[in-house]
């Protein structure tokens with residue numbers, strides 16, 4: 001190494017040295033050192049200079065930060081796991097209550113609440129499974145969510161589900177949760193109401209990146225919406241929830257008559273307004 005300084009006039013920087021000092025034996029300390037050429041007037045290297053700086057305190061701070069981040073990741077990983085388990089317990093309790101209900105309206109309301117809680121539980125399951133604590137792989141999540149909803153609702157209906165999701169769409173959890181709940185509400189409505197045509201219907205979810213937004217579409221080719229339907233004033237709980245979620249996410253929603261059927265399109269800006 002020193003030969004390179006003499007032969008090539010090379011400056012060697014930031015070599016780390018780990019060792020002890022006679023004053024504090026057994027205590028690991030850190031230094032950075034380097035070498036540089038000293039030249040004569042004719043440009044030839046005549047000797048080699050060196051510098052040494054102790055960086056023990058800096059190194060210890062860096063190690064402490066790494067350990068703190070690792071501890072935080074472990075903690076958040078465990079938090080997501082416990083949230084998921086707690087939500088699943090709530091779902092189980094709602095299921096037990098629903099079985100004991102004789103009122104169809106109350107049983108339906110409990111079932112709807114159960115499905116909404118399951119959506120949030122799925123998100124925390126996604127975070128737990130991937131080892132992430134603040135971002136969701138929304139591409140894979142949408143496929144799992146749509147399939148789960150379809151499996152629980154289609155039953156004897158003549159409904160065909162399609163999901164087209166562009167790869168590598170990652171959302172922070174504070175945006176993934178409202179969008180997942182909105183998709184759940186819209187897809188549930190499409191299966192329950194839009195697909196009531198005697199011939200059956202196709203329902204689907206699309207997820208894609210637009211110019212400056214994420215485009216989320218839920219559609220069906222069923223009976224369509226009532227002629228007097230107004231999204232802004234719709235009084236059904238599902239539509240009220242979707243309105244609130246769209247507003248919470250600072251996104252926009254448009255409704256298109258597909259004739260037959262309906263398409264709901266949410267545009268989620270890539271950056272928060």
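Would you pick out the residues in region 135-157 that are outside any helix (DSSP H, G or I) and touching a strand residue (DSSP E or B) at 6+ places or on another chain (Cβ under 7 Å)?
The first filter runs over region 135-157 and keeps only residues outside any helix (DSSP H, G or I), leaving 135-137, 154-157.
Matches in region 135-157: 135, 136, 137.
Just one of the listed residues (65, 110, 93) is loosely packed, with under 11 Cβ neighbours inside 10 Å, at negative phi, assigned to a helix (DSSP H, G or I) and modelled with pLDDT of 80 or more, namely 65. With respect to the conditions (1) farther than 19 Å from residue 136 by Cβ; (2) free of Cβ contacts under 8 Å to residues at least 12 places away in the same chain, residue 237 falls short on a single one, namely (2). Annotation: residue 103 fulfils all but one of (1) modelled with pLDDT of 80 or more; (2) more than 22 Å from residue 185 (Cβ to Cβ); (3) surrounded by 15 or more Cβ atoms within 10 Å (Cβ to Cβ); the unmet one is (3). Before we move on, is residue 257 over 16 Å from the mean Cα position of the chain (by Cα), outside the structural domain of residue 116 (by TED's automatic domain parsing), more than 28 Å from residue 109 (Cβ to Cβ) and surrounded by 15 or more Cβ atoms within 10 Å (Cβ to Cβ)? No. Residue 26 fulfils the conditions (1) assigned to a strand (DSSP E or B); (2) loosely packed, with under 12 Cβ neighbours inside 10 Å; (3) at pLDDT 85 or above except for a single criterion, (3). The residues listed here are 225, 181, 207; of these, the one that is in contact (Cβ under 8 Å) with a residue 40 or more places away in the chain and touching a strand residue (DSSP E or B) at 6+ places or on another chain (Cβ under 6 Å) is 207. Among the residues of region 167-188, those identified as surrounded by 14 or more Cβ atoms within 10 Å (Cβ to Cβ) and either not assigned by TED's automatic domain parsing to the domain that holds residue 265 or not in a helix (DSSP H, G or I) (or both) are 169, 171.
Entry remark, region 202-218: residues being within 16 Å of residue 154 (Cβ to Cβ) and buried (at least 22 other Cβ atoms within 10 Å of the Cβ) number 3 in total.
Under the condition of being surrounded by 13 or more Cβ atoms within 10 Å (Cβ to Cβ) and within 19 Å of residue 219 (Cα to Cα), the residues counted in region 231-254 number 12.
Restricting to region 30-54, name every residue that is in a strand (DSSP E or B) and free of Cβ contacts under 8 Å to residues at least 12 places away in the same chain. Show your work before the answer.
Filtering region 30-54 down to residues in a strand (DSSP E or B) leaves 30-39, 45-54.
Within region 30-54, 38, 46, 47 qualify.
Determine whether residue 246 is assigned to a helix (DSSP H, G or I) and in the same structural domain as residue 147 (by TED's automatic domain parsing).
On the way: assigned to a helix (DSSP H, G or I): yes; in the same structural domain as residue 147 (by TED's automatic domain parsing): yes.
Yes, satisfied.
When restricted to residues that are in contact with a helix residue (DSSP H, G or I) (Cβ under 7 Å, 6 or more places away or on another chain) and closer than 18 Å to residue 174 by Cα, region 224-251 contains 6. Just one of the listed residues (234, 273, 195, 190) is under 22 Å from residue 166 (Cβ atoms) and either under 31 Å from the mean Cα position of the chain (by Cα) or at pLDDT 85 or above (or both), namely 190.
Within region 198-231, the only residue that satisfies the criterion of being assigned to a loop (DSSP other than H, G, I, E, B), under 18 Å from residue 162 (Cβ atoms) and at pLDDT 85 or above is 221.
The values are calculated or read from the model by the stated rules, or taken from the named source; none is laboratory data. Predicted, not measured: the structure shown is a model, and the values here were computed from it. Glycine also receives a Cβ, built like all others from the backbone with ideal geometry; neighbour counts cover every protein chain displayed.
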